[in-house]
Amino acid sequence: MPAPDVIQIIESNWPAILGAILLACFGAYLAWRNGYKARRAAAAAKFRAAVLTALQGLYPVPVAWPKNELRIRDELKERFPGLQTAVAEFETYVPWYKRKAFAESWNRYRLGDDGREIDQQDYWQYVPLKGTSVINGVVTTTHDQTKTYKLQFKTNVDHLLSFASEA
């Protein structure tokens, strides 16, 4: 007796074959998604821990803020390498549609609202400054961050950490 023709078997059972392939693909997707969520949650926890360790004493409550408030710039520059590593490692786990906002948040933390990427690290936004801008003898802007500089620091770090809390 001749062997059944493979093409006839496929033609007569194509719905079952297609269903099995789709079910296998769906199962593989679920396994990948579950693993990704676990990896992202672990990366978020590691990121939060790294940031909190690096900023210990300054965040969330600034109990170790330097007495000489200009020294905060040096403090943050010393803590920068650990934070930079944590940001770089976690960035791959930020969803693609939030990566630009994450990068902007990181830049705002280290450069301020109007910082330039070439500045690398600035941190003047965390120093109590007050002043006015005068152009051609006309006062154009005034700024006073003598009361808000610590709040600005907390707000910027909160925003950076908010990307890890969405895991």
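So who's got an amide H within less than 5 Å of the one on Gly112, skipping anything under 5 residues away but keeping other chains? H placed 1.01 Å off N, in plane.
Long-range HN contacts for Gly112: Tyr123.
Whole percent per 5 Å bin, from 0 to the bin with the longest distance: what is P(r) over all C-alpha pairs of the stretch 41-165?
It works out to 2, 10, 19, 23, 18, 12, 7, 5, 2, 1, 0, 0, in whole percents.
Between Gln121 and Val138, what length comes free when the chain is fully extended (0.36 nm per residue of separation minus the Cα-Cα distance, one decimal in nm)?
On the way: separation 17, 0.36 × 17 = 6.12 nm, distance 3.10 nm.
3.0 nm is the gain from fully extending Gln121 to Val138.
Rounded to the nearest 500, what is the 222 nm mean residue ellipticity of the chain from helices alone, with -39500 (n - 2.57) per DSSP H run of 4+ residues and division by all residues? The partial results should precede the final answer.
Working: 5 runs with 99 residues, N = 167.
Result for the chain, helices only: -20500 deg cm²/dmol.
Work out the FRET efficiency for Asp114 and Ala31 from their Cβ-Cβ distance, taking R0 = 30 Å, and round it to the nearest 0.05.
The calculated FRET efficiency here is 0.05.
If we count other beta carbons within 10 Å of each Cβ, what is the order of Leu52, Leu58, Leu161, fewest first?
With the sparsest Cβ surroundings first, the list reads Leu52, Leu161, Leu58.
Go through Lys67/Lys150; Lys100/Lys150; Lys37/Lys100; Lys77/Lys154; Lys77/Lys147; Lys77/Lys150 and tell me which ones have a Cα-Cα distance over 19 Å in this structure.
Lys100/Lys150; Lys37/Lys100; Lys77/Lys147
With a 10 Å Cβ neighbour count serving as the proxy for reagent exposure, in which order, fewest first, do Arg33, Arg39 appear?
Listing Arg33, Arg39 from fewest to most nearby Cβ atoms yields Arg33, Arg39.
For Thr146 and Arg99, compute 0.36 nm times the residue count separating them, minus their Cα-Cα distance, and round to one decimal in nm. Intermediate values should be presented prior to the final figure.
Details: separation 47, 0.36 × 47 = 16.92 nm, distance 3.20 nm.
Extra length available between Thr146 and Arg99 comes to 13.7 nm.
Among Ser105, Thr141, Ala45, whose Cα lies farthest out toward the positive end of the dipole of the stretch 41-165, if unit charges sit on the beta carbon of Lys, Arg (+1) and Asp, Glu (-1)?
About the Cα centre, the residue reaching furthest to the positive side is Ala45.
No lab work stands behind these numbers, since they all come straight from the coordinates. Since the structure is predicted, the reported quantities are computational estimates derived from the model, not experimental observations. FYI the Cβ positions are ideal-geometry reconstructions off the backbone, even for glycines, and counts take in every protein chain you see.
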